[in-house]
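*Asks:* My structure is below; once you've seen it, I'll send some questions.
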Amino acid sequence: MIKDPYQNAVAQLEAVAEVLGLDEEIKERLSVPDKVHMTELEIEMDDGSKKKFQAFRSQHNNAKGPYKGGIRFHQNVSEAEVKALSMWMTWKCSVVGIPYGGGKGGIIVNPKELSRTELERLSRAYAKWAEGFVGPWRDVPAPDVNTNSQIMAWMIDELLEIKREKGEDKLVNWRATFTGKPVEIGGSLGRTEATGMGGFYTLLNLTQYKGWNKNEVKLAVQGIGNVGYWFAKLAQDEGYQVVALSDSKGGIYNPEGLDVDAVLQHKQETGSVVGFANSQEVSNEELLELPVTVVVPAALENVITHENADRIKAEAIIEMANGPVTPEADKILAERGVVSIPDVLANAGGVTVSYFEWVQNLQGYYWSKEDVFAKLKKIMDRAWQEMVDMKELKELANMRMAAYAVSVDRVVKAMKAFK
(Lines give C-alpha, C1' and ligand atoms only; values in the text may rest on other atoms or scores of the structure.)
Protein backbone atom coordinates (compact mmCIF):
# COMPACT_ATOMS: atom_id res chain seq x y z
CA MET A 1 0.00 0.00 0.00
CA ILE A 2 1.36 3.41 -0.97
CA LYS A 3 1.03 5.51 2.19
CA ASP A 4 0.78 8.88 0.42
CA PRO A 5 -2.90 9.11 -0.56
CA TYR A 6 -2.15 11.30 -3.58
CA GLN A 7 0.38 8.81 -4.94
CA ASN A 8 -2.21 6.09 -4.40
CA ALA A 9 -4.84 8.10 -6.32
CA VAL A 10 -2.42 8.64 -9.21
CA ALA A 11 -1.53 4.92 -9.26
CA GLN A 12 -5.24 4.06 -9.52
CA LEU A 13 -5.64 6.54 -12.37
CA GLU A 14 -2.69 5.01 -14.23
CA ALA A 15 -4.29 1.55 -13.97
CA VAL A 16 -7.59 2.86 -15.38
CA ALA A 17 -5.76 4.83 -18.08
CA GLU A 18 -4.25 1.56 -19.29
CA VAL A 19 -7.70 -0.08 -19.45
CA LEU A 20 -9.12 2.87 -21.41
CA GLY A 21 -6.04 3.40 -23.59
CA LEU A 22 -5.69 7.06 -22.61
CA ASP A 23 -2.88 9.09 -24.15
CA GLU A 24 -0.09 10.48 -22.00
CA GLU A 25 -1.26 14.12 -22.19
CA ILE A 26 -4.75 13.35 -20.85
CA LYS A 27 -3.33 11.12 -18.12
CA GLU A 28 -0.90 13.85 -17.03
CA ARG A 29 -3.67 16.47 -16.89
CA LEU A 30 -5.88 14.20 -14.78
CA SER A 31 -2.98 13.35 -12.46
CA VAL A 32 -2.65 16.95 -11.27
CA PRO A 33 -5.37 19.18 -9.77
CA ASP A 34 -6.31 22.26 -11.75
CA LYS A 35 -5.47 24.40 -8.72
CA VAL A 36 -4.47 23.91 -5.08
CA HIS A 37 -5.19 26.91 -2.84
CA MET A 38 -3.27 27.20 0.44
CA THR A 39 -3.10 29.82 3.16
CA GLU A 40 -2.69 30.41 6.88
CA LEU A 41 -5.83 31.58 8.64
CA GLU A 42 -5.28 33.70 11.74
CA ILE A 43 -8.06 34.01 14.31
CA GLU A 44 -8.40 35.46 17.77
CA MET A 45 -8.72 32.88 20.52
CA ASP A 46 -11.00 33.33 23.53
CA ASP A 47 -8.07 34.37 25.72
CA GLY A 48 -7.22 37.23 23.34
CA SER A 49 -4.20 35.53 21.77
CA LYS A 50 -3.84 34.99 18.02
CA LYS A 51 -3.38 31.59 16.42
CA LYS A 52 -2.70 30.49 12.84
CA PHE A 53 -4.16 27.44 11.09
CA GLN A 54 -3.05 25.97 7.75
CA ALA A 55 -5.93 25.76 5.26
CA PHE A 56 -6.32 24.08 1.86
CA ARG A 57 -8.70 23.78 -1.09
CA SER A 58 -7.86 21.46 -3.98
CA GLN A 59 -9.83 21.85 -7.22
CA HIS A 60 -9.14 18.78 -9.34
CA ASN A 61 -11.14 18.96 -12.56
CA ASN A 62 -14.18 20.94 -13.71
CA ALA A 63 -14.75 19.55 -17.21
CA LYS A 64 -18.15 18.20 -16.17
CA GLY A 65 -19.20 21.08 -13.93
CA PRO A 66 -18.28 23.06 -10.80
CA TYR A 67 -15.82 21.56 -8.35
CA LYS A 68 -17.64 19.68 -5.55
CA GLY A 69 -16.37 18.30 -2.28
CA GLY A 70 -16.29 18.66 1.47
CA ILE A 71 -14.27 20.73 3.91
CA ARG A 72 -12.75 18.74 6.77
CA PHE A 73 -11.38 20.01 10.09
CA HIS A 74 -8.79 17.49 11.28
CA GLN A 75 -5.25 17.46 12.62
CA ASN A 76 -4.11 15.08 9.86
CA VAL A 77 -5.27 17.22 6.92
CA SER A 78 -2.47 17.69 4.39
CA GLU A 79 -1.88 18.90 0.86
CA ALA A 80 -1.49 15.30 -0.35
CA GLU A 81 -4.76 14.28 1.30
CA VAL A 82 -6.90 17.05 -0.20
CA LYS A 83 -5.35 16.50 -3.64
CA ALA A 84 -6.18 12.78 -3.49
CA LEU A 85 -9.68 13.35 -2.14
CA SER A 86 -10.43 15.97 -4.80
CA MET A 87 -9.44 13.47 -7.50
CA TRP A 88 -11.61 10.77 -5.96
CA MET A 89 -14.50 13.25 -5.79
CA THR A 90 -14.17 13.81 -9.55
CA TRP A 91 -14.62 10.08 -10.10
CA LYS A 92 -17.45 9.81 -7.54
CA CYS A 93 -19.50 12.59 -9.13
CA SER A 94 -18.85 11.20 -12.60
CA VAL A 95 -19.77 7.60 -11.79
CA VAL A 96 -23.26 8.63 -10.67
CA GLY A 97 -23.59 11.03 -13.59
CA ILE A 98 -24.03 14.33 -11.75
CA PRO A 99 -22.58 17.49 -13.36
CA TYR A 100 -19.72 18.21 -10.99
CA GLY A 101 -15.98 17.94 -10.91
CA GLY A 102 -14.01 17.13 -7.76
CA GLY A 103 -12.84 19.39 -4.99
CA LYS A 104 -11.82 18.99 -1.36
CA GLY A 105 -10.78 21.38 1.38
CA GLY A 106 -9.57 21.27 4.93
CA ILE A 107 -7.92 22.93 7.89
CA ILE A 108 -5.23 21.39 10.08
CA VAL A 109 -7.00 21.60 13.43
CA ASN A 110 -8.48 19.43 16.16
CA PRO A 111 -11.89 21.08 16.52
CA LYS A 112 -12.40 19.42 19.92
CA GLU A 113 -9.73 21.78 21.24
CA LEU A 114 -11.70 24.88 20.15
CA SER A 115 -14.60 26.55 21.88
CA ARG A 116 -17.80 27.13 19.90
CA THR A 117 -16.90 30.79 19.35
CA GLU A 118 -13.38 29.88 18.20
CA LEU A 119 -14.84 27.28 15.81
CA GLU A 120 -17.18 29.91 14.40
CA ARG A 121 -14.33 32.39 13.87
CA LEU A 122 -12.26 29.73 12.09
CA SER A 123 -15.21 28.72 9.88
CA ARG A 124 -15.89 32.32 8.93
CA ALA A 125 -12.18 32.94 8.26
CA TYR A 126 -12.15 29.99 5.84
CA ALA A 127 -15.23 31.31 4.01
CA LYS A 128 -13.74 34.81 3.79
CA TRP A 129 -10.54 33.38 2.29
CA ALA A 130 -12.40 31.10 -0.14
CA GLU A 131 -14.90 33.75 -1.29
CA GLY A 132 -12.90 34.53 -4.41
CA PHE A 133 -12.83 30.97 -5.75
CA VAL A 134 -16.09 29.34 -4.58
CA GLY A 135 -19.62 29.89 -5.84
CA PRO A 136 -22.64 28.03 -7.25
CA TRP A 137 -21.04 27.74 -10.68
CA ARG A 138 -17.39 27.53 -9.57
CA ASP A 139 -16.87 25.39 -6.48
CA VAL A 140 -19.54 23.98 -4.14
CA PRO A 141 -18.19 22.84 -0.74
CA ALA A 142 -20.04 20.72 1.83
CA PRO A 143 -19.50 19.21 5.29
CA ASP A 144 -16.90 16.47 5.74
CA VAL A 145 -14.94 15.06 8.67
CA ASN A 146 -15.64 17.11 11.84
CA THR A 147 -17.77 19.69 10.02
CA ASN A 148 -21.56 19.91 9.92
CA SER A 149 -24.59 21.95 8.88
CA GLN A 150 -23.89 24.61 11.55
CA ILE A 151 -20.40 25.22 10.15
CA MET A 152 -21.89 25.50 6.65
CA ALA A 153 -24.40 28.05 8.00
CA TRP A 154 -21.57 30.18 9.43
CA MET A 155 -19.69 30.00 6.13
CA ILE A 156 -22.78 30.98 4.13
CA ASP A 157 -23.46 33.93 6.43
CA GLU A 158 -19.88 35.16 6.01
CA LEU A 159 -20.05 34.74 2.22
CA LEU A 160 -23.40 36.58 2.01
CA GLU A 161 -22.02 39.49 4.05
CA ILE A 162 -19.06 39.87 1.67
CA LYS A 163 -21.32 39.70 -1.39
CA ARG A 164 -23.62 42.36 0.11
CA GLU A 165 -20.64 44.64 0.72
CA LYS A 166 -19.60 44.17 -2.92
CA GLY A 167 -23.13 44.70 -4.20
CA GLU A 168 -23.12 41.20 -5.70
CA ASP A 169 -25.77 39.67 -3.44
CA LYS A 170 -28.55 39.84 -6.05
CA LEU A 171 -26.60 38.19 -8.88
CA VAL A 172 -27.29 34.60 -7.84
CA ASN A 173 -28.51 32.60 -4.85
CA TRP A 174 -25.18 32.49 -3.06
CA ARG A 175 -26.60 30.00 -0.54
CA ALA A 176 -26.22 27.43 -3.32
CA THR A 177 -22.44 27.75 -2.83
CA PHE A 178 -22.56 25.39 0.16
CA THR A 179 -24.56 22.18 0.49
CA GLY A 180 -25.27 20.21 3.66
CA LYS A 181 -26.96 23.30 5.12
CA PRO A 182 -29.71 23.27 7.74
CA VAL A 183 -33.09 22.71 6.05
CA GLU A 184 -34.25 26.06 7.45
CA ILE A 185 -31.82 27.97 5.21
CA GLY A 186 -32.04 25.91 2.04
CA GLY A 187 -30.81 22.44 2.93
CA SER A 188 -32.49 19.42 1.35
CA LEU A 189 -34.79 17.00 3.08
CA GLY A 190 -33.28 13.50 3.15
CA ARG A 191 -29.66 14.67 3.41
CA THR A 192 -29.26 13.03 6.83
CA GLU A 193 -30.14 9.59 5.50
CA ALA A 194 -28.67 10.10 2.01
CA THR A 195 -25.32 8.29 2.22
CA GLY A 196 -26.75 5.29 4.06
CA MET A 197 -29.75 5.26 1.72
CA GLY A 198 -27.50 5.20 -1.36
CA GLY A 199 -25.62 2.25 0.14
CA PHE A 200 -28.91 0.49 0.85
CA TYR A 201 -29.94 0.86 -2.80
CA THR A 202 -26.55 -0.63 -3.70
CA LEU A 203 -27.33 -3.58 -1.42
CA LEU A 204 -30.64 -4.13 -3.23
CA ASN A 205 -28.82 -4.18 -6.58
CA LEU A 206 -26.12 -6.50 -5.26
CA THR A 207 -28.80 -8.88 -3.95
CA GLN A 208 -30.41 -9.06 -7.38
CA TYR A 209 -27.01 -9.40 -9.09
CA LYS A 210 -26.03 -12.35 -6.88
CA GLY A 211 -29.49 -13.96 -6.91
CA TRP A 212 -29.80 -13.91 -3.13
CA ASN A 213 -32.96 -14.18 -1.01
CA LYS A 214 -32.80 -10.98 1.07
CA ASN A 215 -34.27 -12.73 4.13
CA GLU A 216 -31.26 -15.06 4.18
CA VAL A 217 -28.64 -12.33 3.77
CA LYS A 218 -26.62 -11.63 6.94
CA LEU A 219 -24.88 -8.25 7.30
CA ALA A 220 -21.96 -7.19 9.50
CA VAL A 221 -21.66 -3.38 9.68
CA GLN A 222 -18.45 -1.87 11.03
CA GLY A 223 -19.39 1.55 12.38
CA ILE A 224 -22.73 2.79 13.69
CA GLY A 225 -22.27 6.47 12.96
CA ASN A 226 -24.75 8.28 10.73
CA VAL A 227 -23.84 6.28 7.60
CA GLY A 228 -23.63 2.86 9.24
CA TYR A 229 -26.80 3.39 11.25
CA TRP A 230 -28.98 4.36 8.29
CA PHE A 231 -27.57 1.60 6.11
CA ALA A 232 -28.26 -1.01 8.82
CA LYS A 233 -31.66 0.43 9.76
CA LEU A 234 -32.94 0.53 6.18
CA ALA A 235 -31.61 -2.95 5.45
CA GLN A 236 -33.24 -4.40 8.56
CA ASP A 237 -36.57 -2.75 7.74
CA GLU A 238 -36.37 -4.38 4.29
CA GLY A 239 -35.92 -7.86 5.76
CA TYR A 240 -32.12 -8.32 5.81
CA GLN A 241 -30.52 -9.69 8.99
CA VAL A 242 -28.06 -7.35 10.70
CA VAL A 243 -25.99 -9.72 12.85
CA ALA A 244 -23.02 -7.52 13.82
CA LEU A 245 -22.49 -3.84 14.61
CA SER A 246 -19.59 -1.87 16.07
CA ASP A 247 -18.30 1.50 17.17
CA SER A 248 -14.81 2.74 18.03
CA LYS A 249 -14.84 0.84 21.36
CA GLY A 250 -15.70 -2.57 19.92
CA GLY A 251 -18.40 -4.67 18.32
CA ILE A 252 -21.24 -7.08 19.03
CA TYR A 253 -22.41 -10.21 17.21
CA ASN A 254 -25.56 -12.32 17.31
CA PRO A 255 -25.96 -14.79 14.42
CA GLU A 256 -29.75 -14.68 14.97
CA GLY A 257 -29.84 -10.92 14.35
CA LEU A 258 -29.71 -7.61 16.24
CA ASP A 259 -32.33 -4.88 16.67
CA VAL A 260 -30.54 -1.87 15.15
CA ASP A 261 -32.57 0.80 16.98
CA ALA A 262 -32.22 -1.02 20.32
CA VAL A 263 -28.44 -1.21 19.78
CA LEU A 264 -28.30 2.52 19.03
CA GLN A 265 -30.32 3.28 22.17
CA HIS A 266 -27.92 1.11 24.20
CA LYS A 267 -24.98 3.01 22.74
CA GLN A 268 -26.57 6.37 23.57
CA GLU A 269 -27.21 5.25 27.15
CA THR A 270 -23.85 3.57 27.83
CA GLY A 271 -21.44 5.15 25.34
CA SER A 272 -20.87 1.99 23.31
CA VAL A 273 -22.62 -0.89 21.57
CA VAL A 274 -20.51 -3.26 23.69
CA GLY A 275 -22.53 -5.01 26.37
CA PHE A 276 -25.76 -5.13 24.40
CA ALA A 277 -28.05 -7.91 25.67
CA ASN A 278 -27.86 -11.36 24.08
CA SER A 279 -24.78 -10.55 21.99
CA GLN A 280 -21.21 -11.76 21.81
CA GLU A 281 -18.45 -9.16 22.05
CA VAL A 282 -16.11 -8.99 19.05
CA SER A 283 -13.34 -6.60 18.07
CA ASN A 284 -13.62 -4.39 15.00
CA GLU A 285 -11.04 -6.63 13.35
CA GLU A 286 -12.96 -9.80 14.19
CA LEU A 287 -16.22 -8.31 12.90
CA LEU A 288 -14.77 -8.13 9.38
CA GLU A 289 -13.97 -11.86 9.44
CA LEU A 290 -17.37 -13.13 10.64
CA PRO A 291 -19.25 -15.81 8.63
CA VAL A 292 -21.75 -13.39 7.03
CA THR A 293 -23.05 -12.72 3.52
CA VAL A 294 -21.96 -9.09 3.29
CA VAL A 295 -19.47 -7.14 5.38
CA VAL A 296 -19.93 -3.35 5.38
CA PRO A 297 -16.94 -1.24 6.50
CA ALA A 298 -18.64 2.08 7.33
CA ALA A 299 -16.07 3.79 9.53
CA LEU A 300 -12.33 3.75 8.85
CA GLU A 301 -10.03 3.59 5.83
CA ASN A 302 -7.59 0.73 5.14
CA VAL A 303 -9.32 -1.85 7.37
CA ILE A 304 -9.18 -4.67 4.80
CA THR A 305 -5.58 -5.17 3.71
CA HIS A 306 -3.30 -7.86 2.32
CA GLU A 307 -2.94 -9.10 5.91
CA ASN A 308 -6.62 -10.01 6.46
CA ALA A 309 -8.13 -10.21 2.96
CA ASP A 310 -7.70 -13.98 2.80
CA ARG A 311 -9.64 -14.33 6.09
CA ILE A 312 -12.75 -12.49 4.87
CA LYS A 313 -15.59 -15.03 4.89
CA ALA A 314 -18.26 -12.77 3.38
CA GLU A 315 -19.35 -13.24 -0.22
CA ALA A 316 -19.31 -9.49 -0.79
CA ILE A 317 -18.13 -6.16 0.63
CA ILE A 318 -19.98 -2.84 0.36
CA GLU A 319 -17.57 0.04 1.03
CA MET A 320 -19.50 2.72 2.92
CA ALA A 321 -16.33 4.26 4.37
CA ASN A 322 -13.83 6.03 2.13
CA GLY A 323 -10.97 3.75 1.09
CA PRO A 324 -11.58 0.82 3.48
CA VAL A 325 -10.00 -1.75 1.10
CA THR A 326 -6.38 -1.41 -0.03
CA PRO A 327 -5.26 -2.12 -3.62
CA GLU A 328 -3.36 -5.23 -2.45
CA ALA A 329 -6.50 -6.52 -0.72
CA ASP A 330 -8.52 -5.83 -3.88
CA LYS A 331 -6.38 -8.31 -5.81
CA ILE A 332 -6.69 -11.00 -3.16
CA LEU A 333 -10.46 -10.55 -2.87
CA ALA A 334 -10.91 -10.71 -6.65
CA GLU A 335 -8.86 -13.92 -6.82
CA ARG A 336 -11.04 -15.41 -4.07
CA GLY A 337 -14.26 -14.40 -5.84
CA VAL A 338 -15.33 -11.87 -3.19
CA VAL A 339 -17.31 -9.05 -4.82
CA SER A 340 -16.20 -5.65 -3.48
CA ILE A 341 -18.44 -2.69 -4.31
CA PRO A 342 -16.24 0.43 -4.34
CA ASP A 343 -16.79 3.50 -2.21
CA VAL A 344 -17.02 5.82 -5.24
CA LEU A 345 -20.36 4.19 -6.00
CA ALA A 346 -21.57 2.72 -2.70
CA ASN A 347 -21.32 5.92 -0.64
CA ALA A 348 -22.20 8.37 -3.43
CA GLY A 349 -25.69 8.94 -2.02
CA GLY A 350 -24.42 11.87 0.03
CA VAL A 351 -22.96 13.87 -2.84
CA THR A 352 -25.96 13.00 -5.01
CA VAL A 353 -28.39 14.53 -2.51
CA SER A 354 -25.98 17.48 -2.15
CA TYR A 355 -26.46 17.89 -5.90
CA PHE A 356 -30.23 17.82 -5.36
CA GLU A 357 -29.84 20.54 -2.72
CA TRP A 358 -27.88 22.71 -5.17
CA VAL A 359 -30.52 22.21 -7.87
CA GLN A 360 -33.31 23.09 -5.45
CA ASN A 361 -31.47 26.25 -4.33
CA LEU A 362 -30.99 27.40 -7.91
CA GLN A 363 -34.63 26.65 -8.80
CA GLY A 364 -36.09 28.10 -5.63
CA TYR A 365 -38.32 25.02 -5.46
CA TYR A 366 -38.07 22.31 -2.82
CA TRP A 367 -38.83 18.60 -3.05
CA SER A 368 -40.43 16.25 -0.53
CA LYS A 369 -38.31 13.58 1.13
CA GLU A 370 -40.14 10.98 -0.96
CA ASP A 371 -39.16 12.81 -4.15
CA VAL A 372 -35.53 13.03 -3.01
CA PHE A 373 -35.32 9.30 -2.29
CA ALA A 374 -37.05 8.34 -5.55
CA LYS A 375 -34.61 10.48 -7.55
CA LEU A 376 -31.67 9.07 -5.58
CA LYS A 377 -32.75 5.48 -6.26
CA LYS A 378 -33.02 6.14 -9.99
CA ILE A 379 -29.48 7.54 -10.10
CA MET A 380 -27.96 4.78 -7.94
CA ASP A 381 -29.70 2.05 -9.97
CA ARG A 382 -28.44 3.49 -13.24
CA ALA A 383 -24.88 3.89 -11.92
CA TRP A 384 -24.90 0.28 -10.72
CA GLN A 385 -25.94 -1.05 -14.12
CA GLU A 386 -23.36 1.07 -15.94
CA MET A 387 -20.62 -0.27 -13.65
CA VAL A 388 -21.70 -3.90 -14.22
CA ASP A 389 -21.93 -3.34 -17.99
CA MET A 390 -18.40 -1.86 -18.05
CA LYS A 391 -17.03 -4.80 -16.03
CA GLU A 392 -18.46 -7.26 -18.55
CA LEU A 393 -17.49 -5.20 -21.60
CA LYS A 394 -13.84 -4.80 -20.57
CA GLU A 395 -13.66 -8.16 -18.74
CA LEU A 396 -12.29 -6.39 -15.65
CA ALA A 397 -11.09 -8.14 -12.50
CA ASN A 398 -13.24 -6.20 -10.05
CA MET A 399 -16.06 -3.68 -9.64
CA ARG A 400 -13.70 -0.89 -8.56
CA MET A 401 -11.87 -0.87 -11.87
CA ALA A 402 -15.24 -0.95 -13.68
CA ALA A 403 -16.58 2.03 -11.72
CA TYR A 404 -13.38 3.99 -12.31
CA ALA A 405 -13.43 3.15 -16.01
CA VAL A 406 -16.99 4.50 -16.31
CA SER A 407 -16.19 7.71 -14.46
CA VAL A 408 -12.78 8.49 -15.98
CA ASP A 409 -14.11 7.83 -19.48
CA ARG A 410 -16.88 10.40 -18.94
CA VAL A 411 -14.47 13.03 -17.65
CA VAL A 412 -12.12 12.49 -20.59
CA LYS A 413 -14.98 12.83 -23.08
CA ALA A 414 -16.04 16.09 -21.40
CA MET A 415 -12.47 17.43 -21.58
CA LYS A 416 -12.23 16.55 -25.27
CA ALA A 417 -15.59 18.17 -26.03
CA PHE A 418 -14.07 21.59 -25.29
CA LYS A 419 -11.28 21.15 -27.85
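Residues checked against (1) farther than 23 Å from residue 225 by Cβ; (2) assigned to a helix (DSSP H, G or I); (3) at pLDDT below 95:
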site: 354; (1), (2), (3): no, yes, no
site: 372; (1), (2), (3): no, yes, no
site: 379; (1), (2), (3): yes, yes, no
site: 396; (1), (2), (3): yes, no, yes
site: 401; (1), (2), (3): yes, yes, yes
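*Asks:* Starting from residues that are more than 13 Å from residue 346 (Cβ to Cβ) and small (Gly, Ala, Ser), keep the ones in segment 185-218 and report whichever is farthest from the chain's Cα centre (by Cα).
*Replies:* If we take residues in segment 185-218 being more than 13 Å from residue 346 (Cβ to Cβ) and small (Gly, Ala, Ser), then 211 is farthest from the chain's Cα centre (by Cα).
*Asks:* Which residues, taken from segment 40-67, are under 25 Å from the mean Cα position of the chain (by Cα) and in a strand (DSSP E or B)? Even if it seems obvious, please write down each step before you answer.
*Replies:* Pass one, segment 40-67, residues under 25 Å from the mean Cα position of the chain (by Cα): 53-67.
Scanning segment 40-67 gives 53, 54, 55, 56, 57, 58, 59, 60, 61, 67.
*Asks:* Between a first residue in segment 151-165 that is more than 15 Å from residue 133 (Cβ to Cβ) and a second residue that is assigned to a helix (DSSP H, G or I) and of a type in the set (S, T, N, Q), which pairs have beta carbons less than 8 Å apart while being 6 or more apart in sequence or on different chains?
*Replies:* Going by the 8 Å Cβ cut-off, the qualifying pairs are 151/123; 154/123; 156/177.
*Asks:* Based on this model, can you work out whether residue 144 counts as out of contact with any Cys (no Cβ under 9 Å at 6 or more places or on another chain), under 27 Å from residue 226 (Cα atoms), modelled with pLDDT under 95 and not polar (S, T, N, Q)?
*Replies:* Values: out of contact with any Cys (no Cβ under 9 Å at 6 or more places or on another chain): yes; under 27 Å from residue 226 (Cα atoms): yes; modelled with pLDDT under 95: yes; not polar (S, T, N, Q): yes.
Yes: the conditions hold for residue 144.
*Asks:* Only residues that are aromatic (Phe, Trp, Tyr) and surrounded by 15 or more Cβ atoms within 10 Å (Cβ to Cβ): list them for segment 136-163, please.
*Replies:* Once the filter is applied, which keeps residues that are aromatic (Phe, Trp, Tyr) and surrounded by 15 or more Cβ atoms within 10 Å (Cβ to Cβ), segment 136-163 yields only 154.
*Asks:* Another question about this same structure. For segment 93-121, which positions are outside any strand (DSSP E or B) and within 19 Å of residue 79 (Cβ to Cβ)?
*Replies:* Of segment 93-121, the ones outside any strand (DSSP E or B) are 93-100, 109-121.
Correct list: 109, 110.
*Asks:* Does residue 140 satisfy the criteria of being among the β-branched types (Val, Ile, Thr), in contact (Cβ under 8 Å) with a residue 60 or more places away in the chain and outside any loop (DSSP other than H, G, I, E, B)?
*Replies:* Working: among the β-branched types (Val, Ile, Thr): yes; in contact (Cβ under 8 Å) with a residue 60 or more places away in the chain: yes; outside any loop (DSSP other than H, G, I, E, B): yes.
In short, yes.
*Asks:* Just to verify a result, which residue in segment 59-78, among those that are over 16 Å from residue 135 (Cα atoms) and without any contact (Cβ under 8 Å) to a residue 60 or more places away in the chain, is surrounded by the most Cβ atoms within 10 Å (Cβ to Cβ)?
*Replies:* 77
*Asks:* I'd like to check which strands (runs of 3 or more DSSP E) are fully inside segment 182-291 and have at least 2 residues that are touching a strand residue (DSSP E or B) at 6+ places or on another chain (Cβ under 9 Å) and among the hydrophobic types (A, V, I, L, M, F, W, C). Break it down into steps so the answer makes sense when it comes.
*Replies:* Working: elements: 218-222, 241-247, 250-253, 280-282.
Ranges flagged: 218-222, 241-247.
*Asks:* Among the numbered conditions (1) within 30 Å of residue 304 (Cβ to Cβ); (2) crowded, with 17+ Cβ neighbours inside 10 Å; (3) touching a residue at least 60 places away in the same chain (Cβ under 8 Å), tell me where residue 56 comes up short.
*Replies:* Going through (1) within 30 Å of residue 304 (Cβ to Cβ); (2) crowded, with 17+ Cβ neighbours inside 10 Å; (3) touching a residue at least 60 places away in the same chain (Cβ under 8 Å) one by one, residue 56 breaks only (3).
*Asks:* Looking only at segment 219-243, which residues are farther than 20 Å from residue 347 by Cα and either touching a helix residue (DSSP H, G or I) at 6+ places or on another chain (Cβ under 7 Å) or touching a residue at least 40 places away in the same chain (Cβ under 8 Å) (or both)?
*Replies:* Those that are farther than 20 Å from residue 347 by Cα and either touching a helix residue (DSSP H, G or I) at 6+ places or on another chain (Cβ under 7 Å) or touching a residue at least 40 places away in the same chain (Cβ under 8 Å) (or both): 239, 243.
The values are calculated or read from the model by the stated rules, or taken from the named source; none is laboratory data. Remember, it's a predicted structure, so these values are computed and weren't measured experimentally. Cβ: placed from backbone, ideal geometry, glycine included. Neighbour counts: every protein chain shown.
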